[in-house]
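Read the structure below first, then the notes.
The values are calculated or read from the model by the stated rules, or taken from the named source; none is laboratory data. Quick caveat, the model's predicted, so the values are computed rather than measured. Quick reminder, even Gly has a Cβ in these numbers, built from the backbone with ideal geometry, and neighbours come from all protein chains shown. To get the accessible areas, we keep the full protein, side chains included, count just its heavy atoms, and leave off ligands, DNA and RNA. Shrake-Rupley method; radii C 1.70, N 1.55, O 1.52, S 1.80 Å.
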Amino acid sequence: MEGISDIKITGIDEKRPPKIRKEPYIDLVFKLSHKAPPDWCKDFNDSLSKNAYAPKINLDDGLYIQTWVRSTDEIAGLLQLLKKSVVDCTEHYIEKVQRAAQTADSANSLLKDGGGEQGRLNAVIAGLDFKS
């Protein structure tokens, strides 16, 4: 199974090839290697919200980056920016997940430290191993 650290841009969405509109704008839809979690997509969108080309990933499908450029000369540079943003977002997402796990471990440790029967119950519950 693919993990969060495996997410990368793999190409253009075959169902929505680049198209020049009359404005002139070129619509681009880049495809990710696999579906990203909604929190990751939100972080990605937030990190690029002020970018001129407004790259965005739909939180529900989590598989495509939709954006645009004004000319064909801008496509390669935008792709490099998006690839770097995917890597940066993944690193930040992993750090955030690790911090949350550490916080949960600390909370479990505090539960174990209670006194009397409630403290004993808390220690037993906190020590349960739910992994297969």
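Points to keep in mind about this one:
- Residue 36 being among the small types (Gly, Ala, Ser), assigned to a loop (DSSP other than H, G, I, E, B) and within 15 Å of residue 10 (Cβ to Cβ): yes
- The condition of being over 20 Å from residue 93 (Cα atoms) and open to solvent by 80 Å² or more (accessible area, probe 1.4 Å) holds for residue 20.
- For the range 45-57, residues that are touching a strand residue (DSSP E or B) at 6+ places or on another chain (Cβ under 6 Å) and either open to solvent by 40 Å² or more (accessible area, probe 1.4 Å) or not in a loop (DSSP other than H, G, I, E, B) (or both) total 4.
- Within the range 66-95, being more than 16 Å from residue 45 (Cβ to Cβ) and touching a Leu at 6+ places or on another chain (Cβ under 9 Å) holds for 69, 75, 79.
- Residue pairs meeting the criteria (Cβ under 9 Å; at least 6 apart or on separate chains; first within 9 Å of residue 26 (Cα to Cα) and open to solvent by 70 Å² or more (accessible area, probe 1.4 Å), in the range 58-75; second assigned to a strand (DSSP E or B) and at pLDDT below 95): 70/25; 70/26; 72/20; 72/26
Conditions (1) among the hydroxyl-bearing types (Ser, Thr, Tyr); (2) part of a helix (DSSP H, G or I), marked per residue:
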site: 40; (1), (2): no, yes
site: 43; (1), (2): no, yes
site: 61; (1), (2): no, no
site: 74; (1), (2): no, yes
site: 78; (1), (2): no, yes
site: 82; (1), (2): no, yes
site: 91; (1), (2): no, yes
site: 94; (1), (2): no, yes
site: 103; (1), (2): yes, yes
